[in-house]
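Below: the structure, in structure tokens.
The values are calculated or read from the model by the stated rules, or taken from the named source; none is laboratory data. Just so you know, these numbers come straight off a predicted model, no measurement behind them. Using ideal geometry, Cβ is built from the backbone for each residue, glycine included, and neighbour counts are taken over all protein chains shown.
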Amino acid sequence: MKVSIFSTCVVDLMTPNVGIAMVQVLERLGCEIDFPASQVCCGQPTYNSGYLEDSKLAMKNMMRAFEHSDYVVGPSGSCIAMFHEYPKIFKGDPQWELKAVALKEKAYEFTQFIVRVLGITDVGASLEGTATYHRSCHMTRLLGERETPFQLLEQVQGLQMEPLKNSDNCCGFGGTFSVKMPDISEQMVNEKCGCVTETGADILISADMGCLLNIGGRLSRKGEPVKIMHIAEVLNHHNPAAKKEEAGHEPANG
Amino acid sequence: MSLQTDRREFNERTTDGIGNPFMRNAVSSAQDSLKTRRLSAATALGDWEQWRTLGQQIRQHTLKHLDYYLGQLADNIEKKGGHIYFAKTKEEASGYIRDIIVQKKAKKIVKSKSMVTEEIEMNHVLMEAGCELTETDLGEYILQMDDWDPPSHIVAPALHKDRRQIRKVFTEKLGYTGDESPVNLARYARTVLRQKFLEADVGITGCNFAVANLGAINLVTNEGNGDLTAAIPKTHIAVMGMERIVPTLEEMEVLDNLLCRSAVGQKLTSYISVIGPSASGETDGPEDFHLVVVDNGRSGILGSEFNEALQCIRCGACLNVCPVYRHIGGHAYGSIYPGPIGAVITPLLGGYDDYKELPFASSLCAACTDVCPVKIPLHEQLILHRQNIVQEKRTSAAERLQMKTAGRLLASQALFGKALRFANPASRLISRHGRIARGPQLVRGWINARDLSQPVRQQDSFRAWFDKRKGREGQ
Ligand code: SF4
């Protein structure tokens, strides 16, 4: 199966390991991967701030980049959910509306693609440890995907999952919200960190790097020894190919 | 009180909210318990999503044919000997009510269940006219006794107070001498209020829904005070926002089901009444019935991109799940309508001059949209507000420039690549041990509370890895 990777600007710029893990997992599952190089960002930061016209540029760029792809798979429920907004945004635009619908229909979040399209729940990963999972709001509510990460994590050998209290509550990231209203956001991420440490887990997993950078950044500032991992990194764990190929830098959070 | 409850800057109000651990504790524990109760009440109804869709359809249908149903309502009320008055502005609305009071030479008024009367500043007008006015909802009564402290929740106006504070108010203002048990406090208030009901010349209530084909209004309460307010005094004045109407009892039943479950996690509340002008020969009910239908900006929302906001049935469920409301409390919104729905309708009713921050006080987590029993896309409406605020150039010039730059950058691989090349070396200047510890103005608030790892070097980016790998494969 041919799959185009949508790396997202955050993964590209901050946590390339996540993108690498995603490629390696998908290849192991038999996908043929390409990376349309003209892609950048889904346009969410500017769109959610109210700058519609400025954000349309990024959106059009993405529609062009993935025009010839069969499937588009990204490591972020939030950015894929943004693709799902395109048809509404370009409704009535003769040049772009159909392209927007086409992109929406072939775009999947990473875990969603594995479970729903490939029909696989056991990717052969193993990881010793206790972990808890943060549901990101956009993946859960806007994309409507609640189950696939858990289906996959259940099959990871050695991994014990602990439930997270108030797991549906937002971590306070919200893109530019956390920059624009840092005081409120800080209270939200504080509460989330409290819930995370309460589980006693040593790893926090999520399918959205934005939330992980937010929660991880706060945990680190508080000196909490919880490691953050994107679910792609978890699913790629103990893959013999992974070691060889890794780019030479630290994982998402030390 | 008016729509606006606090004139201070939004920042000051949120700082106040965040700095009030007592209130935050009260709000978060109320949220947690209401969430569980709501979920079980919703599940018990069967397919909750289908019920929501039905609720949405009923509200949309009624809004689409609002003229027709308001006309029908007016005819039926008049046929039964009642009066209906359409008030374009808040002045017209409270002026009409004052005129009735003056005409009746009424001195004592009891009141129940109405937010729209706050919006039209009715209390103020009536007190100026020399009336004694008593709020009869327990929550509202407590607030009144506490020198008209503003409400902080749509359904539980005194949510920000605990029993100790309530006891203190009762002791200081009413000479209460009992303990702080909720039962005793409520019993005491009931004794006081019973007397007020008996003495009142006029009862003023809100209205959950007006039922068009009956010429009646529907009141949903747990304390029964709405019914007493309507039934005991000789004159009953009901006040409603012009959109709060249903065609028949059948739709009312659906919406009451959604309302009670969403608001307090009950199947239905203790008292659900349908009240109108009393027919001749009936022994209870008011002799004189007036319904005041308030526009006050609503017709401007009707048919606009914010039309869906008028679907609201004021259940408060969106407040009960909102993580922002959880930490700043209701007073920080500076409006009688707090929380997500407040952030949508307050700027519509009160304008961006005073309320342009509210639509940004959301992480767009969509918990509100998810929970709303009539499917108002609240988070999308917040984005619409943001777009308007941006379009009206109400954001700072610096922000507009940043966003323009970001818009270009995020749309072009060439520019983004250049930025990438620049990001890592630039971040080195301000980071220590690979972590950014203090940042430029733009992200200072973020970095004050969190560690941010440095952007990677361009040669370490994901796309560089992919390119290199492809190159290797090609060899
Ligand atoms: S917006 Fe929806 S959830 Fe919020 S109060 Fe109105 S009806 Fe209830």
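Filtered by the rule that a residue be basic (Lys, Arg) and under 24 Å from residue B:345 (Cβ atoms), the stretch B:92-146 gives B:111, B:113. Of the residues in the stretch B:302-319, none is in contact (Cβ under 8 Å) with a residue 12 or more places away in the chain, more than 22 Å from residue B:382 (Cβ to Cβ), within 16 Å of the ligand (Cβ to nearest atom) and away from every other protein chain (no Cβ under 14 Å).
Identify, from the list A:29, A:52, A:103, the residue that is facing another protein chain (nearest Cβ under 9 Å) and touching a helix residue (DSSP H, G or I) at 6+ places or on another chain (Cβ under 7 Å). Of A:29, A:52, A:103, the one residue that is facing another protein chain (nearest Cβ under 9 Å) and touching a helix residue (DSSP H, G or I) at 6+ places or on another chain (Cβ under 7 Å) is A:52. Based on this model, can you work out whether residue A:148 counts as modelled with pLDDT under 95 and crowded, with 20+ Cβ neighbours inside 10 Å? No: the conditions fail for residue A:148.
Checking each residue in the stretch B:334-374 for being within 13 Å of chain A (Cβ to nearest Cβ) and either of a type in the set (Asp, Glu) or under 17 Å from residue B:314 (Cβ atoms) (or both) picks out B:340, B:343, B:357, B:368, B:369, B:370, B:371, B:372. Looking across the stretch A:137-181 at every residue that is outside any helix (DSSP H, G or I) and β-branched (Val, Ile, Thr), the one that is nearest to residue A:202 (Cα to Cα) is identified as A:156.
Mind listing just one residue for me: the one in the stretch A:33-57 that is in contact with a strand residue (DSSP E or B) (Cβ under 8 Å, 6 or more places away or on another chain) and not β-branched (Val, Ile, Thr) and, of those, nearest to residue B:394 (Cα to Cα)? Write out each step before concluding.
Keep residues of the stretch A:33-57 that are in contact with a strand residue (DSSP E or B) (Cβ under 8 Å, 6 or more places away or on another chain), which gives A:33-36.
Within this subset, residues satisfying the condition of being not β-branched (Val, Ile, Thr) are A:34-36.
On the way: A:34: 43, A:35: 39, A:36: 38 Å.
Of everything passing the filter in the stretch A:33-57, A:36 is nearest to residue B:394 (Cα to Cα).
Criterion applied to B:340, B:323 was being within 10 Å of the ligand (Cβ to nearest atom) and not hydroxyl-bearing (Ser, Thr, Tyr), and the one residue passing it is B:340.
Taking the criterion of being part of a helix (DSSP H, G or I) and modelled with pLDDT under 95, would at least one residue in the stretch B:81-91 satisfy it? No; the residues of the stretch B:81-91 include none that is part of a helix (DSSP H, G or I) and modelled with pLDDT under 95.
The single condition among (1) at the interface with another protein chain (Cβ under 7 Å from one of its Cβ atoms); (2) part of a helix (DSSP H, G or I); (3) buried (at least 24 other Cβ atoms within 10 Å of the Cβ) that residue A:21 does not satisfy is (1). Just one of the listed residues (B:382, B:420) is within 16 Å of the ligand (Cβ to nearest atom), buried (at least 19 other Cβ atoms within 10 Å of the Cβ) and in contact (Cβ under 8 Å) with a residue 12 or more places away in the chain, and it is B:382.
What about residue A:150, is it aromatic (Phe, Trp, Tyr) and farther than 22 Å from residue B:377 by Cα? Yes; evaluated as a whole, the condition is true for this residue. Just to be sure before I move on: is residue B:231 away from the ligand (no atom under 16 Å from the Cβ) and within 25 Å of residue B:158 (Cα to Cα) in the structure I sent? Considered against the rule, which asks whether it is away from the ligand (no atom under 16 Å from the Cβ) and within 25 Å of residue B:158 (Cα to Cα), residue B:231 comes out as no.
Please state which of the following conditions residue B:202 fails to meet, knowing it meets all the rest: (1) modelled with pLDDT under 95; (2) β-branched (Val, Ile, Thr); (3) over 23 Å from the mean Cα position of the chain (by Cα). For residue B:202, the failing item is (1).
Residues that are under 14 Å from residue A:150 (Cβ atoms) and surrounded by fewer than 17 Cβ atoms within 10 Å (Cβ to Cβ) within the stretch A:105-127 comprise A:116, A:121, A:122, listed in sequence order.
For the stretch A:172-182, the criterion of being under 15 Å from the mean Cα position of the chain (by Cα), aromatic (Phe, Trp, Tyr) and facing chain B (nearest Cβ under 9 Å) is met by at least one residue. Yes or no: residue B:37 in a helix (DSSP H, G or I) and among the basic types (Lys, Arg)? So residue B:37 passes the test.
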